[in-house]
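What follows is a short report on a single structure.
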Amino acid sequence: MPAEESKNEPQTTAAPTGKKKKEKGKSFLETMREIDAKEQQQEEAREAAIQQQLAEKEKREKEAYAEKIRQDRIELMRLKQGVITESDRIHEEAESKPKLPLGKKISNFFYHNKWWLGITCVLVLLFGYMAYQEITKVDPDFVVMVLTDNEQLQKKSQELQAYFESFISDENGDGKKVVSIYCIPVTDDINDMDYYTGNATKLSTQMQMAAGVMLLTDAKANDYISAEDTLVNLEALYPNDSHIREYGYYLRYTDFAQKIGYTGGKLDRDLCISLRTPKKTYDSLEEMQESYAIAENVLQQVMADLDGTEPPEDAPQTEPAVTTKMEE
């Protein structure tokens, strides 16, 4: 039987050696892991403590702020109810504005005021131009209108100015003697070309002013301005002057061309000096009478100055004005 066989089998036992078996120690890596774990736990504990302190501090600040708001509200209610008149807790605080650098201030100023600055600049330029015009404006003592369409004579405006300035005085008292020459050529198509030249408009305007009493005209110009209605009959005033025919003092047979340096050949036969009849226009009658007195004085000096050569028998006569009436 198995039980009996086990009893009959010899039993063997290990002989005692007299030494204990040495236990296996932890490795280096395990030791480092344990150290790292302990340091991580300590770091987490410190971080948790800091966060707790910050949370407690924030909580205290919130509670303090809430308490301040509550106390301020109470104080405000007491002020509104008249319980107290002044409060140390509630007062207006001036809003502090950030200080900007100079460049930023200038930039902000131009940005916020650009429209006003633009308008101001335009006004300054406008008034500056007007002031300049007023300062440099020429206030003539005498005006001569050149109505002939002789281009060579039109180009002699400076010489004409110098010639007539020798006969005038300082009429306006500004310390200077100034003659203005207005060249407005009367041509056959003066009305048709007015859109481009403006001569008809300029002439019409000047004929309404008191200054331009003396005219340098020819037969065409006299016809256009209706000489019998607008010009003085000089022949009635100076019947003994051989150069005068009706409304003009004729210049061809004088040395007027030499006086002004005219090199365009002989002057036109119908070129003459005329005077406008004083009338009330845009200016007063008194103003035009004053201008006429000056112009007549200048004419007398011109007549005395020019060569007294007698004109030939074919001296030009003033042509009658041509009028056109619409037939009904």
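The values are calculated or read from the model by the stated rules, or taken from the named source; none is laboratory data. Keep in mind that this is a model prediction, so the values were computed, not measured. Please note: Cβ atoms are built from the backbone with ideal geometry, for glycine as well, and neighbour counts cover all protein chains shown. Side chains included, ligands, DNA and RNA excluded: accessible areas come from the protein's heavy atoms. Shrake-Rupley method; radii C 1.70, N 1.55, O 1.52, S 1.80 Å.
Values computed for the structure shown
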quantity: Where a residue in region 199-218 is closer than 19 Å to residue 284 by Cβ and its partner, wherever it lies, is modelled with pLDDT under 95 and among the polar types (S, T, N, Q), with Cβ under 6 Å and at least six apart; calculated: 208/281; 210/291; 211/291; 212/206; 213/291
quantity: Residue that is modelled with pLDDT of 90 or more and within 39 Å of the chain's Cα centre (by Cα), where the choices are 217, 197, 230, 201; calculated: 201
quantity: Complete set of residues in region 111-125 that are more than 8 Å from the chain's Cα centre (by Cα) and open to solvent by 100 Å² or more (accessible area, probe 1.4 Å); calculated: 111, 112, 114, 115, 116
quantity: Lone unmet requirement of (1) within 36 Å of the chain's Cα centre (by Cα); (2) part of a strand (DSSP E or B); (3) surrounded by 18 or more Cβ atoms within 10 Å (Cβ to Cβ) for residue 180; calculated: (3)
quantity: Which numbered condition residue 129 fails, given (1) outside any helix (DSSP H, G or I); (2) out of contact with any helix residue (DSSP H, G or I) (no Cβ under 6 Å at 6 or more places or on another chain); calculated: (1)
quantity: In region 267-280, residue nearest to residue 222 (Cα to Cα) [restricted to those that are more than 43 Å from the chain's Cα centre (by Cα) and open to solvent by 30 Å² or more (accessible area, probe 1.4 Å)]; calculated: 270
quantity: Within region 281-296, considering residues that are under 30 Å from residue 252 (Cβ atoms) and free of Cβ contacts under 8 Å to residues at least 40 places away in the same chain, the one surrounded by the most Cβ atoms within 10 Å (Cβ to Cβ); calculated: 296
